[in-house]
Amino acid sequence: MTTVAFTPGTEERFAVARHVADAVLFEGYVLYPYRASAAKNRLRWQFGVLVPPSWSAAAEEHDFQLTECLMEPRTGAELAVEVRFLRAQRRTVEKLRSDGTFAPTGELRLPDRVLVAWDEGVEERVTLVAPVAELRGDGIALPFARPADEETEEVTEADGRVLGRLVRRREEISGTVRISAAELDGPYRVERLSVTVENTSTWTAAPDTDRHAALPYSLVATHTLLRLDSGSFLSMTDPPEWAKGAVAACRNLHTWPVLAGESGRDDLMLSSPIILEDHPAIAPESPGALYDATEIDEILALRTAALTDEEKREARGTDARAAAVIELADTMPPEVLERLHGAVRSLQSVTGPPKPTGNILEPDTPWWDPGGDTGVDPGSDHVLVDGRAVRAGSRVVLRPRLRRTDAQDLFLDGRSALVEAVLHDVDGGVHIAVTVEDDPGADIRREQGRFLYFQPDEVEALEDL
């Protein structure tokens, strides 16, 4: 069997881990501006894609994941495993012709949405429960398969008149989950758990097949949840000192396991294709799934709400999840949006006298106070350039050096500039602050103290005015 019903206790624990696992499953599923026509939404799914073996040989993607982690199971412990992935469901659009038949079309326009071709993601799970004792040695292998299927959905006007239909096709896929455990030598009863997820689909790729054609036969955003009903997992990121050697010997290919669930508990492990820290969690301020964890929720919500009505129509027709993002942005209460502006997770008092740190007493004043150091004065200090003193008020020609300069500074090569200050840093370096002559914003820069900075070998001295 490829699906096993978990006990209430295991289901409850996995439900805790799925809050973060769902973010992994749908990371990058549809990106702002949430339209199929956007360039960033034309190359789909970048994480945890296990492609068919016939295509992996010709591409830089893989047909398997390997997770290895350490666990301390108690006698009679059982291991529950849940492998989750998305299955690409190819959706095409057809319009109704006058003769009653359907023909492919680029889009169907409705008052509230514009329907276009799109690959939808259907969540799949492979689950099993096994006594840890049965995993030792060769372990167990669990094959799974999903048959090909096709569904149609009529698209109608508000009055019920049929405009066309959506056709959804899923291709046959198959895979295998292999699980084994091995006791390690040492004073502690520790076992290395190995979980391999393979795509074994028999689809054969032609020599010129591209990634788009391989996706319907792939396991997308693949990740694994593990739970011990009695015992614990060890952190692979911050293991105890005695286990560091065994952790270093573990192999993790195309995925990485971290402790999941609440901090302080160690019965859950999430092996993710996205690098996470132990006990990852969704920020409590997050209003809902935005499918782009590399962005800031506040920015995404504001920019999504600012899309034009036509852009929102296309987003709603792209995918049901994209439509939910548009609805979320349009109906978000001001207090929820304000909550996204930022949050302080912890505060540390910085008032009161300095406290000893170990055997070192922190000084009452900074180790160096530029305002109290009379040995330097940017307004009167000078530096020698080609034997000539350059100070505030001197004129120089800028000669940026390729070895360390900003690319924009190269546009100033050969321009004359006025020296505003000569500054010395604590490492003995010298920096010449300048404003470019004929710069209409020079007075504003001077007032705000926003100068351009060059080193002595990047300028040539001119006659002073």
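The values are calculated or read from the model by the stated rules, or taken from the named source; none is laboratory data. Every value quoted in this text rests on a predicted model; they were computed, and no experiment measured them. Cβ placement follows ideal geometry from the backbone for every residue including glycine, while neighbour counts extend to all protein chains displayed. All accessible areas refer to the heavy atoms of the entire protein, side chains included, with ligands and DNA or RNA removed. Shrake-Rupley method; radii C 1.70, N 1.55, O 1.52, S 1.80 Å.
Quick one: is VAL83 within 30 Å of SER230 (Cβ to Cβ), in a strand (DSSP E or B) and open to solvent by less than 60 Å² (accessible area, probe 1.4 Å)? Explain how you work it out, then say what you get.
Working: within 30 Å of SER230 (Cβ to Cβ): yes; in a strand (DSSP E or B): yes; open to solvent by less than 60 Å² (accessible area, probe 1.4 Å): yes.
Criteria met by VAL83.
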Exercise for review: Tally the residues that are surrounded by 18 or more Cβ atoms within 10 Å (Cβ to Cβ) and without any contact (Cβ under 8 Å) to a residue 60 or more places away in the chain, restricting the search to the stretch 446-465.
Suggested key: 3
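Each row is one residue, and each column tells you yes or no for (1) of a type in the set (Phe, Trp, Tyr); (2) within 24 Å of GLU82 (Cβ to Cβ); (3) open to solvent by 30 Å² or more (accessible area, probe 1.4 Å); (4) not in a loop (DSSP other than H, G, I, E, B).
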position: VAL4; (1), (2), (3), (4): no, yes, yes, no
position: VAL20; (1), (2), (3), (4): no, yes, no, yes
position: VAL24; (1), (2), (3), (4): no, yes, no, yes
position: GLY28; (1), (2), (3), (4): no, yes, no, no
position: SER37; (1), (2), (3), (4): no, no, yes, no
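Select from the stretch 60-80 the residues that are farther than 24 Å from PRO240 by Cβ and either surrounded by fewer than 18 Cβ atoms within 10 Å (Cβ to Cβ) or not small (Gly, Ala, Ser) (or both) and list them in ascending order.
Step one: of the stretch 60-80, the residues farther than 24 Å from PRO240 by Cβ are 60-65, 76, 78, 80.
Of everything in the stretch 60-80, those that are farther than 24 Å from PRO240 by Cβ and either surrounded by fewer than 18 Cβ atoms within 10 Å (Cβ to Cβ) or not small (Gly, Ala, Ser) (or both) turn out to be GLU60, GLU61, HIS62, ASP63, PHE64, GLN65, GLY76, GLU78.
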Review point. In the stretch 301-324, how many residues are of a type in the set (Val, Ile, Thr) and either free of Cβ contacts under 8 Å to residues at least 12 places away in the same chain or closer than 14 Å to ARG109 by Cβ (or both)?
Key: 2
Review point. Mind checking whether some residue in the stretch 266-288 is in a helix (DSSP H, G or I), at pLDDT 80 or above and more than 16 Å from the chain's Cα centre (by Cα)?
Key: no
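So which residues in the stretch 209-244 are acidic (Asp, Glu) and surrounded by 16 or more Cβ atoms within 10 Å (Cβ to Cβ), if there are any at all? Steps first, answer last, please.
From the stretch 209-244, those acidic (Asp, Glu) are 210, 229, 238, 241; that's our starting set.
Scanning the stretch 209-244 gives a single hit, ASP229.
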Review point. Taking the stretch 112-132 as the search range and keeping residues that are of a type in the set (D, E, K, R) and open to solvent by 40 Å² or more (accessible area, probe 1.4 Å), which one is nearest to the chain's Cα centre (by Cα)?
Key: GLU123
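Only one of these is part of a loop (DSSP other than H, G, I, E, B), open to solvent by 80 Å² or more (accessible area, probe 1.4 Å) and modelled with pLDDT of 85 or more: ASP364, ASP438, ASP443, ASP427. Name it. Break it down into steps so the answer makes sense when it comes.
Details: ASP364 fails: modelled with pLDDT of 85 or more; ASP443 fails: part of a loop (DSSP other than H, G, I, E, B); ASP427 fails: modelled with pLDDT of 85 or more.
The conditions single out ASP438.
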Check your understanding: Residues of the stretch 251-265 being assigned to a loop (DSSP other than H, G, I, E, B) and open to solvent by less than 20 Å² (accessible area, probe 1.4 Å), which ones?
Key -> THR255, ALA260, GLY261
Study note, to complete from the structure: Going through the stretch 42-59 in order, the residues found to be within 21 Å of ARG87 (Cβ to Cβ) and either surrounded by fewer than 22 Cβ atoms within 10 Å (Cβ to Cβ) or among the charged types (D, E, K, R) (or both) are ARG42, LEU43, ARG44, TRP45, GLN46, PHE47, PRO53, SER54, SER56, ALA59
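Would you mention how many residues in the stretch 39-50 are under 20 Å from ILE275 (Cβ atoms) and part of a loop (DSSP other than H, G, I, E, B)?
Our first condition is that a residue be under 20 Å from ILE275 (Cβ atoms); within the stretch 39-50, this holds for 45-50.
Those still in the list that are part of a loop (DSSP other than H, G, I, E, B) too: 45-49.
Number of matching residues: 5.
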Review point. So is ASP112 without any contact (Cβ under 8 Å) to a residue 60 or more places away in the chain and either in contact with a His (Cβ under 7 Å, 6 or more places away or on another chain) or assigned to a loop (DSSP other than H, G, I, E, B) (or both) or not?
Key: no
Point to revise | Condition met for THR202 (open to solvent by less than 10 Å² (accessible area, probe 1.4 Å) and within 18 Å of PHE64 (Cα to Cα)) | key: no
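Could you list, in sequence order, all residues of the stretch 97-111 that are surrounded by 11 or more Cβ atoms within 10 Å (Cβ to Cβ) and within 39 Å of the chain's Cα centre (by Cα)?
Narrowing the stretch 97-111 to residues surrounded by 11 or more Cβ atoms within 10 Å (Cβ to Cβ): 97, 102, 104-105, 107-110.
Once the filter is applied, which keeps residues that are surrounded by 11 or more Cβ atoms within 10 Å (Cβ to Cβ) and within 39 Å of the chain's Cα centre (by Cα), the stretch 97-111 yields PRO104, THR105, GLU107, LEU108, ARG109, LEU110.
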